Amino acid sequence: MAITRKRARIVIADDHHLVREGLRTLLELQPDFTVVGEAADGVEALQLARDLKPDVLLLDLAMPRMNGLEVLRALSDTVDQVKTVLLTAAIEPEETLQALRLGARGVVLKETAAQMLYKCIRTLMDGEFWVGHERINDLLRTLRELERAPAREEPPASRLTRRELQVVGAIVEGAANKDIGKAFGLSEQTVKNHLSNIYDKLGVSTRLELALYAVHHRLLASLPHEDAPAARTTPTSKRAPATKPK
């Protein structure tokens, strides 16, 4: 049975007219997409997002008046429903993390095939995150580097048990539930139960949010050395931290 999705209302924000025109043509070929607005700079993008409240904002990273990150920062305080996809010709892993922290739900390179952009938008409409698969290794490497950076404050790890901290460490490494279970002798259901408890305690709702929270608050600094990600050989998954346990 085919999945029936809500028709995605999309705003395109790019300073190149031909890019906007091409994206509109491609997107409106899809029966579940409709383009409701276009913006030629960051200020226009912010205003359209506030006025039209689209489901998805395709936002160019490099734009005049306000760049993509500045638009994200402004949207984070005023718009909760808009799912933003950052479009860019090139982006560093640190910028990807910053965009996700500011509220972006997806990052797509402009060289990506149209079918992958469609899949990205539908993934966001399903409530998940999208980061180009070719960038996952860079993203996880950056997460590890940030985790090793000097701490600025005490991590709020006292709410988590040692086992929950172990699970968090595996999530930061990108491990799937099955791999986490094998590493710690747990069933997949027990891993899911631990994740649900962790989400509730920390106020996050996805694996990606948990990984970013763990890095920002240096949760892994509270783990005994033998439990830390670098000290064990947990198999990792290439899938980005994305969804709440099912």
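Just so you know, all these numbers are worked out from the coordinates, no wet-lab data involved. Worth saying up front: this structure is predicted, and the values here are computed from it rather than measured. Every residue, glycine as well, gets a Cβ built from its backbone with ideal geometry; the counts of neighbours run over all protein chains shown.
Greater than 18 Å separation of Cα atoms is the criterion. Which listed pairs, LYS6/LYS53; LYS53/LYS110; LYS6/LYS192; LYS53/LYS119; LYS119/LYS178, meet it? All intermediate terms of the calculation are to be shown ahead of the outcome.
Values: LYS6/LYS53 15 Å; LYS53/LYS110 24 Å; LYS6/LYS192 28 Å; LYS53/LYS119 21 Å; LYS119/LYS178 25 Å.
The pairs that break the limit, which is 18 Å between Cα atoms, are LYS53/LYS110; LYS6/LYS192; LYS53/LYS119; LYS119/LYS178.
The phi torsions of region 205-213, fed into the Karplus equation with coefficients 6.51, -1.76 and 1.60 and a -60° offset, translate into couplings of 9, 9, 4, 5, 4, 5, 4, 5, 4 Hz, rounded to whole numbers, with Gly and Pro shown as x.
With a 10 Å radius around each residue's Cβ, average the other Cβ atoms per peptide and rank 120-127, 20-27, highest first. Show your work: numbers first, answer last.
On the way: 120-127: 18.2, 20-27: 16.1.
With the highest mean Cβ count within 10 Å placed first, the list reads 120-127, 20-27.
Modelled label positions at LYS110 and GLU188, each set 7 Å beyond Cα in the direction of Cβ, lie 4.1 nm from each other. The string of couplings for region 58-73 from the Karplus curve (6.51, -1.76, 1.60, θ = phi - 60°) is 8, 10, 5, 5, 9, 9, x, 6, 9, 7, x, 5, 5, 5, 4, 4 Hz, one whole number per residue in order, with x for Gly and Pro.
The order of the peptides 185-195, 7-17 by mean Cβ neighbours within 10 Å, most packed first, is 7-17, 185-195. Classify region 8-138 as rounded, prolate or oblate, taking a ≥ b ≥ c as the square roots of the eigenvalues of its Cα gyration tensor: rounded when a/c is under 1.5, otherwise prolate if a/b is larger than b/c and oblate if not. Rounded shape, in that the Cα axes give a/c under 1.5.
Considering all alpha-carbon pairs of region 17-78, what whole percent are spaced by more than 19 angstrom? I get 30 percent for the Cα pairs in region 17-78 exceeding 19 Å. Mean sequence separation of contacting Cα pairs (under 8 Å, at least six apart), scaled by the length of region 8-138, corresponds to a relative contact order of 20 percent.
In this structure the amide hydrogen of ALA39, modeled in the peptide plane, comes within under 5 Å of the amide hydrogens of ILE12, ALA13, ASP14, none closer than 5 places in sequence on its chain.
Calculate, for GLN98 and LEU26, the FRET efficiency according to 1/(1 + (r/R0)^6) with r their C-beta to C-beta distance and R0 25 Å; round to the nearest 0.05. If you can, show how the numbers build up before the last one.
Working: r = 28 Å, r/R0 = 1.11.
That gives a FRET efficiency of 0.35.
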